[in-house]
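I have placed the structure first, in the form of structure tokens, so that the comments after it can refer back to it.
Computed from the coordinates by the stated procedures, all read-outs in this text should not be read as laboratory data. Since we're looking at a predicted model, the values are computed, not measured. A quick note on method: Cβ atoms are made from the backbone with ideal geometry, for glycine too, and the neighbour counts reach across all protein chains shown.
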Amino acid sequence: MSIDINKIEDFQTGLIIPISKPYTWTSFDVVKKVKNQIGKKLRLTLDIRLKNFKVGHAGTLDPLAEGLLLVCTGKATKKINELMTDEKEYVATIELGKTTPSYDLETEYDQVFTTDHIDESLVKNVLKTFIGEQDQVPPVYSAKNINGKRAYEYARKGEEIELKTNKITISEIELLEYKMPLVTIKIVCSKGTYIRSLAYDIGKKLSSGAHLVKLIRTRIGSYKLDSALTIEELEKILINL
């Protein structure tokens, strides 16, 4: 899927722009950068003030995740809720034998487990058990709203909280690479799926531990990462409009 941008007015009419989110950037960082870039062009070309121009995104990515982020502009922001329900595809690299409180590299290791009993066949068999509808507990280091505060705010203060499960569906899960202690998998899943929680749960089912070390979102519905724009590519398009 390609993005057809012919004139600056297209952004105000409404566009869904697939952006490749850089590592360590928040989803809000991307939205802010895109809004500033387009807003500057709108002011210079059409004398439209930034406050009258809407930009949002469909589906948050953690700062330590990379990949596809759908940025909606103008009237296309009305489609955000619909886009968020679309099926997602990820490629995740998981380290077996160690856990962290955040289930990823945001925090230090807290436990170490044996992996001597794990082989490629066992990993493949365990992965199959995650296919289908299931209840998943979100990570405590997440943006889930608990009594008006984000869950990670409690976690970073060492306060214990109880998170309710989410009903999710994993339609596909495939082992792409087995290179102990690292395994790389592809996941096709529903809205609300936390890949960090999936990594943690895979470790438990392997009678060991696990945490996420790399995550790339490769697809949202019919939008694919290989057709996404980098921030720099979008900037070049704006310059040439």
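Listing for the model above:
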{"item": "Amide N of the stretch 167-182 lying under 20 Å from the label point, which is placed 7 angstrom from the Cα of residue 133 along Cα→Cβ", "result": "167-173"}
{"item": "Ranking of 198, 238, 182 by count of other Cβ atoms within 10 Å, fewest first", "result": "182, 238, 198"}
{"item": "Estimated 222 nm signal from helices in the chain, with DSSP H stretches of n ≥ 4 weighted -39500 (n - 2.57), rounded to 500", "result": "-8000 deg cm²/dmol"}
{"item": "Violating pairs (Cα-Cα greater than 23 angstrom) within the set 98/186; 75/144; 98/179; 54/167; 98/214; 124/205", "result": "75/144; 54/167"}
{"item": "Computed lengthening from residue 180 to residue 85, 0.36 nm per intervening residue step minus Cα-Cα distance", "result": "30.8 nm"}
{"item": "Candidates 156, 196, 217: whichever shows maximal mean-square fluctuation once the chain is modelled as a Gaussian network with Cα springs under 10 Å", "result": "156"}
{"item": "Paramagnetic reach from residue 172 in the stretch 185-208 [backbone N under 15 Å; point 7 Å along Cα→Cβ]", "result": "185-190"}
{"item": "Extension gain, residue 26 back to residue 161 (0.36 nm per residue minus Cα-Cα distance, nm)", "result": "46.2 nm"}
{"item": "Difference of contour (0.36 nm per residue) and Cα-Cα distance, residue 235 to residue 205", "result": "6.3 nm"}
{"item": "Cβ-Cβ FRET estimate between residue 13 and residue 119, R0 fixed at 51 Å, reported to 0.05", "result": "0.40"}
{"item": "Residue order, fewest to most beta carbons within 10 Å, for 28, 11, 53", "result": "28, 53, 11"}
{"item": "Positive-end residue of 105, 134, 190, charge dipole of the stretch 88-220 with Cβ unit charges", "result": "190"}
{"item": "Fewest-first ranking of 234, 64, using other Cβ atoms within 10 Å as the exposure measure", "result": "64, 234"}
